[in-house]
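**Q** Quick one: the structure is below, questions incoming.
Derivation of every value follows stated rules applied to the coordinates shown; laboratory data play no part. Every value quoted in this text rests on a predicted model; they were computed, and no experiment measured them. Glycine also receives a Cβ, built like all others from the backbone with ideal geometry; neighbour counts cover every protein chain displayed.
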Amino acid sequence: AVAMTIAGLGTGFAEEKVKIGFSQGTMESSWRVNMVEGNKKYAEANLPDVDLIVTNGENQASKQVSDVESLISQGVKTLIISPVTADALTPVVKQAMDAGIPVVTLDRKVNTDVTLHIGADNVLIGKTAGEFVCQTLGGKGNVIEIQGTAGASATVDRHDAFHKVLAEKCPDVKVVADQVANYVREPAIKFMEDMLQRFKPGEIQLVYAHNDDMALGAVTALEAANRLSEVKVVGIDGENAAYDAIKAGKMVATFTYHFVAPEGVQYGYKVAKGEKLDKEIVLPTHQVDATNVDDWIGKGF
Ligand code: AHR
């Protein structure tokens, strides 16, 4: 706090603001909008001494790197970053850490040491999704995978862990086609339309999409082609629309993926205040399918 004199009021203390930078990688999915809004609301209601500066990388790693550089030059006390991709953001994170600015990463990781990482376990999600798919297809079938942003740690983990389980537990379940659709619905619809041209009825049994926006895009394309009854759809995130789709038999499963609000700013604040914390907080994830969807309806985002 800075001592100051206000004419006629004597000596008082004006609270010095704690400047925290929050670099969001993209706002293209509703999940990410929730992440930003949830953290902002929490700070507004509970942390009156925080000045939270939010930037949007627009799904371009180069834009996000300059956002982070600009936050550093504005003198932030702590950086909260949800990185678009790991490799591209690693040097600027290292630069901040070397300069003594603590970094908290949310949801996706970078390839260098950070003060704290908070997010759900994407390896566990990919593995559990793989086990669910092996079981749902009875050990045999063709899968189309719709991937998130290339080079994002969530994408790599959701892909690698899924494929590992298939190879080990059900080698007759094959991923016959895949494409990056950046966690966005429109490119997923387009890709699925192309796949429905390429694969004839009976040639695809399941779609594994790295988030619900893309899974719901696949559902849209399948419904338009009148082929939803032959293909099962799995997503990730826990959107209310995905729960409704499971209830209606249009999707078979999703996995809840915490959007790290309010934990991002809550812990970012603790870090800025110099609190000693563990280096990682792993948030829980749950499989939601036809057996338990009634417990989840309306509880997503
Ligand atoms: O990094 C993970 C993903 O990013 C979320 O699952 C997705 O919806 C978001 O854009």
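**Q** Could you list which residues have their amide H under 5 Å from that of Asp51, counting only those 5 or more apart in sequence or on another chain, with H placed in the peptide plane?
**A** Close amide H contacts, sequence-distant or interchain: Val18, Lys19, Ile20.
**Q** Please compute P(r) over all alpha-carbon pairs of segment 48-127, binned at 5 Å starting from zero, and give each bin as a whole-number percent.
**A** Spelled out per bin, shortest first, that is 3, 15, 26, 27, 16, 7, 4, 1, 0.
**Q** Roughly how far apart, in whole Å, are the Cα centres of segment 226-301 and segment 84-126?
**A** 21
**Q** What value, in deg cm²/dmol to 500, does the helix sum -39500 (n - 2.57) over DSSP H runs of n ≥ 4 give at 222 nm once divided by the residues of the chain?
**A** -12500 deg cm²/dmol
**Q** Order these by the 10 Å Cβ neighbour count, fewest first: Tyr257, Tyr208, Tyr267.
**A** On the way: Tyr257 26, Tyr208 29, Tyr267 21.
By the 10 Å Cβ count, ascending: Tyr267, Tyr257, Tyr208.
**Q** Using only Cα atoms and rounding to the nearest 10 degrees, what angle (0 to 90) does helix 153-169 make with the longest principal axis of the chain?
**A** In the chain, helix 153-169 runs at an angle near 30 degrees to the longest axis.
**Q** Another one. Can you compute the FRET efficiency between Ala45 and Glu193 using 1/(1 + (r/R0)^6), with r the Cβ-Cβ distance and R0 = 41 Å? Round to the nearest 0.05.
**A** E between Ala45 and Glu193, to the nearest 0.05, is 0.40.
**Q** Measuring from the lowest to the highest alpha carbon on each principal axis, how far does segment 106-265 reach, largest first, in angstroms?
**A** For segment 106-265, the Cα spread along each principal axis is 51, 32, 26 Å.
**Q** Lys/Arg Cβ at +1, Asp/Glu Cβ at -1, dipole of the chain taken about the Cα centre: which of Ala167, Thr112, Val265 is farthest positive-ward?
**A** Selected residue: Ala167.
**Q** Continuing with the same structure: Using a Gaussian network model of the chain with C-alpha springs under 10 Å, which one of Asp237, Asp289, Asp49 is most mobile by mean-square fluctuation?
**A** Asp49
**Q** Let me ask another. Can I get the semi-axes of the chain's equivalent ellipsoid? Compute them from the C-alpha gyration tensor as square roots of 5 times the eigenvalues, in angstrom, largest first.
**A** 41, 19, 16
**Q** While we're on this one: Could you check which residue among Gly38, Gly25, Gly274 shows the biggest mean-square fluctuation in a GNM of the chain with a 10 Å Cα cutoff?
**A** Sorting by GNM fluctuation, first place goes to Gly274.
**Q** Only counting other Cβ atoms within 10 Å, I'd like Leu283, Leu71 sorted with the fewest neighbours first. Before the final figure, lay out the partial values.
**A** On the way: Leu283 16, Leu71 25.
Fewest-to-most ranking of Leu283, Leu71: Leu283, Leu71.
**Q** Calculate, in nm to one decimal, what Asp289 and Glu203 gain on full extension: separation in residues at 0.36 nm each, minus their alpha carbon distance.
**A** Contour length minus Cα-Cα distance gives 28.6 nm.
**Q** In addition: Sorting Thr105, Thr128 on the 10 Å Cβ count, fewest up front, what's the list?
**A** Thr128, Thr105
**Q** Still on this structure: What full-extension length gain, to one decimal in nm, is calculated for Lys279 and Lys164 as 0.36 nm per residue of separation minus the Cα-Cα distance?
**A** 38.7 nm
**Q** Something else now. Show me the GluC sites (Glu not before Pro) within segment 227-300 that DSSP assigns to loop and that have at most 16 other Cβ atoms within 10 Å of their Cβ.
**A** The qualifying sites are Glu275.
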